[in-house]
Amino acid sequence: MGLTIAQKIIKEHLVEGEMIAGQEIALRIDQTLTQDATGTMAYLEFESIGIPRVRTELSVAYIDHNTLQSGFENADDHIYIQSAAKKYGLRFSRPGNGICHQVHLERFGKPGKTLIGSDSHTPTGGGIGMLAMGAGGMDVAVAMGGGAYYITMPKMIKVNLTGSLKPWVSAKDVSLEILRILSVKGGVGSIIEWGGEGIKTLTVPQRATITNMGTELGATTSIFPSDEITRAVLEAQGRGEDYIPLASDEDAVYDRIIDINLSELKPLLACPHSPDNIKTAEELSSIKVDQVCIGSCTNSSLADLLKVAAILKGKTVHESVSLSVSPGSKQVLSMLADCGALSDILASGARVLECACGPCIGMGFSPNSAGVSLRTFNRNFEGRSGTKDGQVYLVSPEVAAASALTGYITDPRTLGECPEIELPEKFKINDSAIVLPADVEEAKTLEVKRGPNIKPFPEAMPLEDKVSARLTLKVGDNITTDHIMPAGAKILPYRSNIPYLSKFCFGVCDESFPERAKAAGSTVIVGGINYGQGSSREHAALVPLYLGVRAVVAKSFARIHAANLINAGILPLTFANPEDYDKVEQDDELELVGLYEGLKSGKITLIDKTKNIEIACVGEFSDRQQKILLAGGLLKYTKGDN
């Protein structure tokens, strides 16, 4: 039986386990990346392990999230990360150099390599044939120290593409179409491989957009073959030696095959407040637009912005629309300037923001009250934009530019002939914003610099056989990490200060939760389907840990968040019977009993003492995960403190 692309990479990097779907496996990791919103905590965790030097082939620390410096906090974190990178052997991408996924794709990604990053959109690297996965900061810290990365062996989904995209239809529409088919939970437990004759018509930037958005499906990762199109891009970046061909075997077996005819796709939008709430641009043409944001790790490549510039050239943004454009990297910005496209963007009335995540994470450029904001981003969760009642639609660059010109959601096909763009044969290479690490001897003399906002991370206690706790919060389906631990300009500067950050935990759902949780002392949270979807931010586990959360009981979990809970020493359990969710209420007094035996058997009893009922819960924990929970978290387990 042949192998898929992902299975080939997994086989080459397998350290423990068997390649049987549903079983835990351990992988050797070649590369890691972090960004500054999660990086500070990841490097604090790496330091606590006590290893003097990273042991990966390549690790890069990026600054792209917290670039708005309205106080000392973000600047201090950047200095800490830069000094840690210098000492411990990482490359450091300075503020302004670009978004981690865009820069990594341009300068560091290699087909056939494994990559984990403390950002959920790390699967962008699958656009050039990497096995690239989002992970919690603790997992990245362990991988930097030479440890394996543990996942459940995924199922394999093949998306078979035929035909070619028509004018005005883009890779973003492919992403939205697969979200329409599968939903935000349809990829959980799976790797999505893109294939078929249609992939030959897709450029690497288009492929990267599609693998980036695979995160919204809940997929472990997404991947394209490494082919002549991949080779051409690597050669254009001066990295032709990094190319290897990589394709699935003809007799590879998939758990599911989905067919999409690219020729049949139309311009699509994801409506508020979920990436899978899909409609066509034709259906929404009566909606007035207040704001348009073009950029993010999904759509900020040179190809995307050349297309935007061509659409805007000689025209003026509608007087009622505020348009921002964020290039994905310094390379993209520089090349836009050199060819004159940047002037076309500026002349239209657009505001050009720095090469960073910016509005995507609520870091500035929030919409007006109840404003309609069209964004070429990957998430439109409620409140994520920084405006609680903002109405955010996810769109392609083509729909974004067209709508910015008309003032209404616009099907770009109504604009006439679609402008053609050509990518250069060679990209402008200037790595001056990448700071190299010190050599081993110099590193011994260097000091890591810590500002006053950097506080120790909370430590979990070893798991006891019985946990008594109050149900301090009950939430519904598809609770995101933005619900649990919001982003935004007011909160992100405190990502290295868990005590202060805790004030905002679940603020979108219930502003009183932090105080009630602290008063309870020991807390259980109950959730619905797909609890913890979205970002890989481990703060969505560390902050609840600080507030006394001992367990989360849900109908189902998103992959990365469940792993982060275990890493933090919090017990993730699911209802054996989903209807039992309705039997418990907020403020009930609960007990989880027989935990030591339950970790082994996978069956744990929840006693609702308020209602005097017993509820069956289940949890599948590998031997390693059992030991992590018993030790009080991944770091204690890794250091052998148990």
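Every number here is computed from the coordinates shown, using simple stated rules; none is lab data. Here the structure is a predicted model, which is why all the values come from computation and not from measurement. Cβ: placed from backbone, ideal geometry, glycine included. Neighbour counts: every protein chain shown.
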Computed for the chain: size of charge dipole around the Cα centre, +1 on C-beta of each Lys and Arg, -1 on C-beta of each Asp and Glu, debye to nearest 20, value 880
Cβ density ranking, 10 Å radius, fewest first, applied to Thr638, Thr298, Thr316 yields Thr316, Thr638, Thr298
Once Lys and Arg are counted +1 and Asp and Glu -1 for all other residues with Cβ under 9 Å from that of Asp77, the total becomes -2
Around Ala347 (Cβ within 12 Å, Cβ-to-Cβ, excluding Ala347; K/R +1, D/E -1) the net charge comes to +1
The pairs in Lys266/Lys315; Lys288/Lys503; Lys279/Lys474 lying past 28 Å Cα-Cα in this model are Lys288/Lys503; Lys279/Lys474
If the chain between Glu597 and Lys639 were fully extended at 0.36 nm per residue, the gain over the current Cα-Cα distance would be 12.7 nm
Counted neighbours (other Cβ, 10 Å), sorted fewest up, put Glu250, Glu57 in the order Glu250, Glu57
Under the 7 Å Cα-to-Cβ spin-label approximation, Asp623 and Glu197 lie apart by a distance in nanometres of 5.0
If R0 = 22 Å, then Asp465 and Asp582, at their Cβ-Cβ distance, give a FRET efficiency to the nearest 0.05 of 0.20
About its Cα centre, the range 106-214 carries a charge dipole, from +1 on Lys and Arg Cβ atoms and -1 on Asp and Glu Cβ atoms, whose size in debye to the nearest 20 is 160
Given a Förster distance of 56 Å, the FRET efficiency implied by the Cβ-Cβ spacing of Ala370 and Arg55, rounded to the nearest 0.05, works out to 0.65
Sorted by chain and then number, the residues having a modelled amide H within less than 5 Å of the amide H of Ile613, at least 5 places away or on another chain, are Asp608
Between the alpha carbon centres of the range 572-642 and the range 1-37 the gap in Å comes to 28
A correct Karplus calculation of ³J(HN,Hα) over the range 440-457, with 6.51 cos²θ - 1.76 cosθ + 1.60, θ = phi - 60°, whole Hz and x for Gly and Pro, returns 4, 5, 5, 4, 4, 8, 8, 10, 7, 9, 10, x, x, 7, 7, 10, x, 7
Phi angles of the range 628-635, converted by Karplus (6.51 cos²θ - 1.76 cosθ + 1.60, θ = phi - 60°) into ³J(HN,Hα) in whole Hz with x for Gly and Pro, give 4, 5, 5, 7, x, x, 5, 5
Rounded to whole angstrom, the alpha-carbon centroid of the range 198-260 lies from that of the range 332-390 at a distance of 27
Dividing the helical contributions, -39500 (n - 2.57) per DSSP H run of n ≥ 4, by the residues of the chain yields a 222 nm value, nearest 500 deg cm²/dmol, of -8000 deg cm²/dmol
Stretched fully, the stretch from Glu589 through Ala337 gains (0.36 nm per residue minus C-alpha distance, one decimal, in nm) 84.5 nm
Phi-derived 3J(HN,Hα) across the range 135-146 with the Karplus relation (6.51, -1.76, 1.60, θ = phi - 60°), rounded Hz, x for Gly and Pro, is 8, x, x, 5, 5, 5, 4, 5, 5, 4, x, x
Between the alpha carbon centres of the range 282-311 and the range 115-155 the gap in Å comes to 29
Fewest to most Cβ atoms within 10 Å: Arg239, Arg375 sort as Arg239, Arg375
Taking the range 99-200, the lysine pairs whose C-alpha atoms sit under 23 Å apart (8 or more places apart or on different chains) add up to 13
Simple spin-label estimate for Glu282/Glu420, 7 Å along Cα→Cβ, in nm, reads 2.7
1/(1 + (r/R0)^6) with r = Cβ-Cβ of Ile613 and Gln23, R0 = 35 Å, i.e. FRET efficiency to nearest 0.05, evaluates to 0.55
Magnitude of the Cβ-charge dipole (Lys and Arg +1, Asp and Glu -1) of the range 268-413 about the Cα centre, nearest 20 debye, reported as 140
Residues other than Val399 with Cβ under 13 Å of its Cβ, Lys/Arg counted +1 and Asp/Glu -1, net out at 0
Projected onto the charge dipole of the chain (unit charges on the beta-carbon of Lys, Arg, Asp and Glu, signs +1, +1, -1, -1), the Cα from Ala37, Leu423, Gln237 with the largest positive-side position is that of Ala37
With the 8 Å Cα cutoff and a minimum separation of six or more residues, the range 46-99 has a relative contact order in percent of 50
